[in-house]
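So the structure is just underneath, and the comments pick up after that.
The values are calculated or read from the model by the stated rules, or taken from the named source; none is laboratory data. What you are looking at is a predicted structure, and each value in this text was computed from that prediction instead of being measured. Neighbour counts are summed over all protein chains in view; Cβ atoms, including those assigned to glycine, are modelled from backbone coordinates with ideal geometry. Ligands, DNA and RNA are stripped out before the accessible areas are found, and what is left, the full protein with its side chains, is counted by its heavy atoms. Shrake-Rupley method; radii C 1.70, N 1.55, O 1.52, S 1.80 Å.
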Amino acid sequence: MPRKIFFLVIALAAPFSWGADLFSNPNKLCKSLSQVSLPTSGWKPSKAFPSEWLCLSQMKPFGKVGSNGMENNIAFYVNGTNQEYANDIRIKININNPREKSQAFSSLTKATELLFKTYSVAMPNGLIEALKSNTPGTWQAPWGKAELVFEPGRIESFKVVLTNREYLQRKEKLITESVSDFERCKGVVAKAAGYSEALVNGDGEPVQESSYKSFLLKGKGKDLFFCEVHKNNKYKIKAALNGKFPFRYIAEGSL
């Protein structure tokens, strides 16, 4: 009898542990789509954003050239804030040739199916149907959240986004605890940049460093900022104006 109970517990728990494996081995994850020609250079610290880790593939073109002189393409990204696990996974298609939209979605579906198959995790039924119908949506899963996101613009882009449940929980908690600092950061960043606070936005999630926390904020155009909140209500702001890296300190003071 005890043996039967033991196997029952393992069977019930397995989907949750499998789901966690989607994110708990970034080095393996970064190699998971090499079979569909989406290799990456491996899980490494980000050069652009302090305290972040990532891997990304090059954009893989396929099919015939569209009216803008480019083929459809697909790319693969993994992001995180820790060496030991990933926060989210993204597979994205850019549809430069609308006549081959079905082929683009076929490539997106194939890459997504391979990722789930590699980890023996079942794809959410909603995501399967969304990829068939090219319809954006969001679905909850034991391991976190799955999304098919549409990005309108000069060309159509769609991406599958898979987000770690533990990361979502941590993010919600940190955002709630840091609302006041985030709002004050928006004000000092706008002042330092010399434009309206209405043009400054971010998700409010703090990045915890050894002696301070910081918020990533987007401003006008391609302006990016990190607002550091130090002890005694001191702040420092570093910026990559017009998207030009590296970040450089532009202001400091008291909140």
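Remarks
- Taking every residue in region 229-242 that is under 12 Å from Val188 (Cα atoms) and pairing it with any residue that is part of a helix (DSSP H, G or I) and open to solvent by less than 80 Å² (accessible area, probe 1.4 Å), at least 6 positions away or on another chain, the pairs with Cβ-Cβ distances below 6 Å are Val229/Asp181; Tyr235/Val188; Ile237/Val189; Ile237/Ala192.
- Of everything listed in (1) surrounded by 15 or more Cβ atoms within 10 Å (Cβ to Cβ); (2) farther than 17 Å from Lys236 by Cα; (3) among the small types (Gly, Ala, Ser), the single unmet condition for Ser106 is (1).
- Against the conditions (1) in contact with a Ser or Thr (Cβ under 7 Å, 6 or more places away or on another chain); (2) in a helix (DSSP H, G or I); (3) not aromatic (Phe, Trp, Tyr), Glu228 satisfies every one except (2).
- Selected residue (only one of Lys132, Lys159, Lys145 is at pLDDT 95 or above, among the charged types (D, E, K, R) and touching a helix residue (DSSP H, G or I) at 6+ places or on another chain (Cβ under 7 Å)): Lys145
- Only one of the listed residues (Asn134, Asn96, Asn125) is out of contact with any Gly (no Cβ under 6 Å at 6 or more places or on another chain), open to solvent by less than 70 Å² (accessible area, probe 1.4 Å) and either free of Cβ contacts under 8 Å to residues at least 60 places away in the same chain or among the aromatic types (Phe, Trp, Tyr) (or both). That residue is Asn134.
- Of all the residues in region 168-183, those that are within 28 Å of Asn25 (Cα to Cα) and in contact with a strand residue (DSSP E or B) (Cβ under 7 Å, 6 or more places away or on another chain) number 2.
- Applying the criterion of being of a type in the set (D, E, K, R) and open to solvent by less than 80 Å² (accessible area, probe 1.4 Å) to the residues of region 210-255, the residue that is farthest from the chain's Cα centre (by Cα) is Lys236.
- Residue match in region 51-65 (condition: open to solvent by less than 70 Å² (accessible area, probe 1.4 Å) and under 20 Å from Lys132 (Cα atoms)): yes
- Exclusive hit being surrounded by 14 or more Cβ atoms within 10 Å (Cβ to Cβ) and assigned to a loop (DSSP other than H, G, I, E, B), set Tyr167, Tyr195: Tyr195
- Every listed requirement among (1) open to solvent by 30 Å² or more (accessible area, probe 1.4 Å); (2) part of a loop (DSSP other than H, G, I, E, B); (3) in contact with a strand residue (DSSP E or B) (Cβ under 9 Å, 6 or more places away or on another chain) is met by Gly42 save one, (1).
- Some residue of region 92-107 being closer than 17 Å to Lys31 by Cα and aliphatic (A, V, I, L, M): no
- Ser67 vs. criteria in a loop (DSSP other than H, G, I, E, B), modelled with pLDDT of 75 or more and over 30 Å from Ser214 (Cβ atoms): yes
- Any chance Gly144 is buried (at least 18 other Cβ atoms within 10 Å of the Cβ), in contact with a strand residue (DSSP E or B) (Cβ under 7 Å, 6 or more places away or on another chain) and either within 18 Å of Arg90 (Cα to Cα) or not acidic (Asp, Glu) (or both): yes
- Residues of region 70-88 that turn out to be part of a loop (DSSP other than H, G, I, E, B) and open to solvent by 20 Å² or more (accessible area, probe 1.4 Å), as a count: 5
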